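One structure is given below, encoded as structure tokens.
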């Protein structure tokens with residue numbers, strides 16, 4: 001029996017919401033087959049990856065630790081993607097926020113004042129904004145493809161981080177390890193629960209999600225961004241200022257990613273090191289599409305992607321499997337999501353057999 005893809009008369013709203021769920025199910029099935037091929041009992045391995053990390057309060061607080069930067073990056077990217085501005089540079093903006101905020105924190109180690117922490121956060125967000133501004137300037141003045149420029153800026157930011165922790169910001173008393181001195185208490189974000197690593201950065205992320213949701217659904221600028229993404233020609237015809245909207249979404253996205261970066265180094269990490277960015281900026285891209293570009297969906301998608309980071313660490317400890325399984329699960333999730341999204345505009349139907357084939 002033969003089947004073929006047939007274009008739908010209009011996009012399926014049902015499949016638009018079922019596609020992420022189907023992608024998750026297919027990822028779980030593929031993960032089970034993967035664990036079986038590696039010689040592990042599939043259900044036990046999946047339990048270790050997805051359930052075991054959340055069996056106690058510590059696990060839930062660690063989930064919040066990872067959700068905060070992912071959600072901040074993803075909410076900013078949602079604005080860009082709504083306008084069809086393909087910012088792939090959240091990783092670099094995250095790193096620049098961490099480096100800038102970390103540099104200022106090191107200069108203020110001996111200052112104990114209420115304004116220190118807000119200043120560090122603002123400076124980190126500003127650094128992320130300035131890094132995104134480079135891409136906005138190149139796109140609006142030279143029509144440079146933002147996908148290419150933001151990806152290249154990611155690598156520049158990463159090498160700048162390496163330079164700083166191996167050079168001017170390296171701790172002179174750190175036994176030659178490529179890391180800065182530990183930040184002082186006045187430069188660290190307050191924790192929500194004593195003896196756990198979860199900081200108030202999770203509040204920043206949830207607040208940003210609420211503000212962006214309100215902005216996109218209740219303001220004229222939000223409407224203009226949506227129209228720009230749907231049809232650039234219609235936006236120009238309506239008199240919307242395309243270049244200004246591109247600047248707006250990129251700068252907001254960069255500042256939120258920069259805030260995520262500085263909140264990470266001034267929070268759970270507490271110093272600068274080469275590993276401050278474990279791919280949160282790239283994972284945020286998956287989150288935006290998995291969450292259907294809606295703030296509520298993005299919150300839940302952030303929790304799922306945060307869980308993959310924890311699951312990778314857990315299977316490394318309990319099953320002696322490589323931590324890189326995190327990236328593998330994220331890649332499978334993106335692959336299946338893109339494949340399932342095909343069903344939004346197309347449906348699978350039975351192919352009609354030709355008369356010649358019937359006679360044969």
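Evaluated against (1) in a helix (DSSP H, G or I); (2) modelled with pLDDT of 95 or more; (3) over 28 Å from residue 35 (Cα atoms), residue 272 falls short on exactly one condition, (1).
Does residue 149 fit the bill of being surrounded by fewer than 19 Cβ atoms within 10 Å (Cβ to Cβ) and closer than 20 Å to residue 256 by Cβ? Before the answer, list the steps.
Working: surrounded by fewer than 19 Cβ atoms within 10 Å (Cβ to Cβ): no; closer than 20 Å to residue 256 by Cβ: yes.
It is false that residue 149 is surrounded by fewer than 19 Cβ atoms within 10 Å (Cβ to Cβ) and closer than 20 Å to residue 256 by Cβ.
Of all residues in segment 322-337, those satisfying the criterion of being in contact (Cβ under 8 Å) with a residue 12 or more places away in the chain and surrounded by fewer than 17 Cβ atoms within 10 Å (Cβ to Cβ) are 324, 328.
Every residue, every condition in (1) touching a helix residue (DSSP H, G or I) at 6+ places or on another chain (Cβ under 9 Å); (2) closer than 13 Å to residue 272 by Cα; (3) modelled with pLDDT of 95 or more; (4) not in a helix (DSSP H, G or I), yes or no:
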position: 99; (1), (2), (3), (4): yes, yes, yes, no
position: 104; (1), (2), (3), (4): yes, yes, yes, no
position: 112; (1), (2), (3), (4): yes, no, no, yes
position: 118; (1), (2), (3), (4): no, no, yes, no
position: 128; (1), (2), (3), (4): yes, no, yes, no
position: 133; (1), (2), (3), (4): yes, no, yes, no
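Apart from one condition, residue 315 fits all of (1) closer than 30 Å to residue 38 by Cβ; (2) within 14 Å of the chain's Cα centre (by Cα); (3) surrounded by 20 or more Cβ atoms within 10 Å (Cβ to Cβ); the exception is (2).
Kindly indicate the residue of segment 193-215 that is in a loop (DSSP other than H, G, I, E, B) and in contact (Cβ under 8 Å) with a residue 40 or more places away in the chain and also farthest from the chain's Cα centre (by Cα) among those meeting that condition.
So in segment 193-215, the residues in a loop (DSSP other than H, G, I, E, B) come out as 193-198, 200.
Then drop every residue that is not in contact (Cβ under 8 Å) with a residue 40 or more places away in the chain, which leaves 193, 196-198.
On the way: 193: 25, 196: 23, 197: 20, 198: 18 Å.
Going through the qualifying residues, I end up with 193.
Scanning segment 182-190 finds one or more residues that are in a helix (DSSP H, G or I), under 22 Å from residue 266 (Cα atoms) and in contact with a helix residue (DSSP H, G or I) (Cβ under 8 Å, 6 or more places away or on another chain). Restrict the check to segment 340-357 and report whether at least one residue is over 30 Å from residue 181 (Cβ atoms), within 18 Å of the chain's Cα centre (by Cα) and assigned to a helix (DSSP H, G or I). Within segment 340-357, not a single residue is over 30 Å from residue 181 (Cβ atoms), within 18 Å of the chain's Cα centre (by Cα) and assigned to a helix (DSSP H, G or I).
Exactly one residue out of 81, 49 is surrounded by fewer than 20 Cβ atoms within 10 Å (Cβ to Cβ), in a helix (DSSP H, G or I) and more than 12 Å from the chain's Cα centre (by Cα): that is 81.
So which of 36, 23, 74 is surrounded by 13 or more Cβ atoms within 10 Å (Cβ to Cβ), without any contact (Cβ under 8 Å) to a residue 40 or more places away in the chain and either in contact with a helix residue (DSSP H, G or I) (Cβ under 6 Å, 6 or more places away or on another chain) or assigned to a strand (DSSP E or B) (or both)? Can you show your working first?
Values: 23 fails: without any contact (Cβ under 8 Å) to a residue 40 or more places away in the chain; 74 fails: without any contact (Cβ under 8 Å) to a residue 40 or more places away in the chain.
Of the residues listed, the single one that is surrounded by 13 or more Cβ atoms within 10 Å (Cβ to Cβ), without any contact (Cβ under 8 Å) to a residue 40 or more places away in the chain and either in contact with a helix residue (DSSP H, G or I) (Cβ under 6 Å, 6 or more places away or on another chain) or assigned to a strand (DSSP E or B) (or both) is 36.
Tell me, please, whether a residue that is closer than 22 Å to residue 228 by Cβ and surrounded by fewer than 20 Cβ atoms within 10 Å (Cβ to Cβ) can be found in segment 253-270. There is no residue in segment 253-270 that is closer than 22 Å to residue 228 by Cβ and surrounded by fewer than 20 Cβ atoms within 10 Å (Cβ to Cβ).
Restricting to segment 1-15, what's the tally of residues that are in a loop (DSSP other than H, G, I, E, B) and touching a strand residue (DSSP E or B) at 6+ places or on another chain (Cβ under 9 Å)? Quick ask: steps written out before the conclusion?
Our first condition is that a residue be in a loop (DSSP other than H, G, I, E, B); within segment 1-15, this holds for 1-2, 8-12.
Adding the requirement that they be touching a strand residue (DSSP E or B) at 6+ places or on another chain (Cβ under 9 Å) leaves 1-2, 8, 12.
Final tally of qualifying residues: 4.
The values are calculated or read from the model by the stated rules, or taken from the named source; none is laboratory data. Bear in mind that the values here come from a model prediction, so they are computed numbers and not experimental data. Note that we place each Cβ from the backbone using ideal geometry, even for glycine, and neighbour counts take in every protein chain shown.
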